Amino acid sequence: MTNETTNKILEESKSEYHKLSIQVSLNGLSFCVLDTLSNTVITSERISFESELTPYALQKEIKQLFEDNEIQKIQFSEVVVIHRNNLFCLVPNALFNKDELANYLKFNAKILANDHLEYDEIANMDMVNVYVPFVNINNYIYDLFGDFEFMHNGTVLIKNLINSHGSTNEPICYVHVMEEHMDITVIQNKKLLLYNNFSFTAKEDFIYYLLFTLEQLKLDTETTKLKLFGSIEEGDPLFQLCHTYIKDISIFIPSHANHFHFGNLDRESIDFTLLNSF
């Protein structure tokens, strides 16, 4: 963001029509600012780390990013923080008890006795996402902006993919690729069959997790539709590798592509969860 752009935002922000969305993970972070009057994404930035950071080091990176872009000087009508990690567990509403959060998570993730646990209600799916947020990041954001909303990135993905899925009866496997992470979401008849997150370093790991997931769900690679989005394009090595094993493959164009204006920004570089958190 240039100083000229920042000054323009600062001048216009007195009316508090701007929203800030921030996504944090130990592998990278990103943010974007939305002008709700014109429905225009004014600015965005994404940083990928060469190696996984600690939550403390992640906070230092966010602080530096905000200082470089003078984000802390802008007034926002809404601030949303998205926590991206694999410390989560989906629980059906019928089995959910808010006093048992640790018991849900301990079978799926390594948690510590002093970890702070939270949950998101996924109303349209009658389930709850129990997870471990980065508490130090939440505290830092609160000190800067006051009250804000936060959620797990899986919550955003599930809600929005279900809403954009349409009425098809066929199972569709959506894979969101970002910073050596893959989120796999499988939906059929507007129902969630699976959501999971994997880390990968080689394309062979990527295809292994994908094919293993399809196999566990007994989905045929000849007929199941695969839709890829995020940091992947048609013709990329990952795309080509998937095409070797799966017949019906395409790049998924999220519905937000038609809902927002992006000006001179590259909309493909703005993460799906950032925009769909607004």
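Summary of computed values
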quantity: J(HN,Hα) series, the range 142-159, from Karplus relation 6.51 cos²θ - 1.76 cosθ + 1.60, nearest Hz, glycine and proline x; calculated: 5, 4, 7, 10, x, 4, 8, 9, 9, 7, 8, 5, x, 4, 5, 4, 4, 4
quantity: Accessible area in the full protein assembly, largest first, 1.4 Å probe, for Ser21, Ser164; calculated: Ser164, Ser21
quantity: Relative contact order for the chain, counting Cα pairs under 8 Å that sit 6 or more residues apart, in percent; calculated: 18
quantity: Centre separation in Å (Cα based) which lies between the range 174-199 and the range 19-84; calculated: 23
quantity: Relative packing of 124-135, 188-199, 167-178, which averages over residues the other C-beta atoms within 10 Å, highest first; calculated: 124-135, 167-178, 188-199
quantity: Bridge type composition, the chain - antiparallel percent by DSSP, nearest 5; calculated: 65
quantity: Of the trypsin sites (Lys or Arg not before Pro) in the range 78-132, those whose Cβ has at most 15 other Cβ within 10 Å and which sit in DSSP loop; calculated: Lys106, Lys110
quantity: Loop GluC sites (Glu not before Pro), the range 33-78 (other Cβ atoms within 10 Å of the site Cβ: 10 or fewer; DSSP); calculated: Glu50
quantity: The range 69-197: relative contact order as a whole-number percent, Cα under 8 Å and 6+ apart; calculated: 23
quantity: Calculated SAXS-style log₁₀ I(q)/I(0) at q = 0.22 Å⁻¹ - the range 106-188, Debye, Cα scatterers; calculated: -1.21
quantity: Structure-derived P(r) over Cα pairs in 10 Å bins from 0, in percent: which label, when the choices are (i) 6, 23, 26, 20, 14, 9, 3, 0; (ii) 6, 28, 35, 24, 7, 0; (iii) 7, 31, 39, 19, 4, 0; calculated: (ii)
quantity: Listed residue pairs exceeding 27 Å between alpha carbons, taken from Lys19/Lys225; Lys106/Lys225; Lys191/Lys218; Lys19/Lys191; calculated: Lys19/Lys225; Lys106/Lys225; Lys19/Lys191
quantity: The range 96-162 - accessible surface per residue (Å², probe 1.4 Å); calculated: 51
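The values are calculated or read from the model by the stated rules, or taken from the named source; none is laboratory data. Just so we're clear, the structure is a prediction, and the values are computed from it rather than from any experiment. Reconstructed Cβ throughout: ideal geometry from the backbone, glycine too, with neighbour counts over all protein chains shown. Side chains are part of the model used for accessible areas, which takes the heavy atoms of the whole protein and leaves out ligands, DNA and RNA. Shrake-Rupley method; radii C 1.70, N 1.55, O 1.52, S 1.80 Å.
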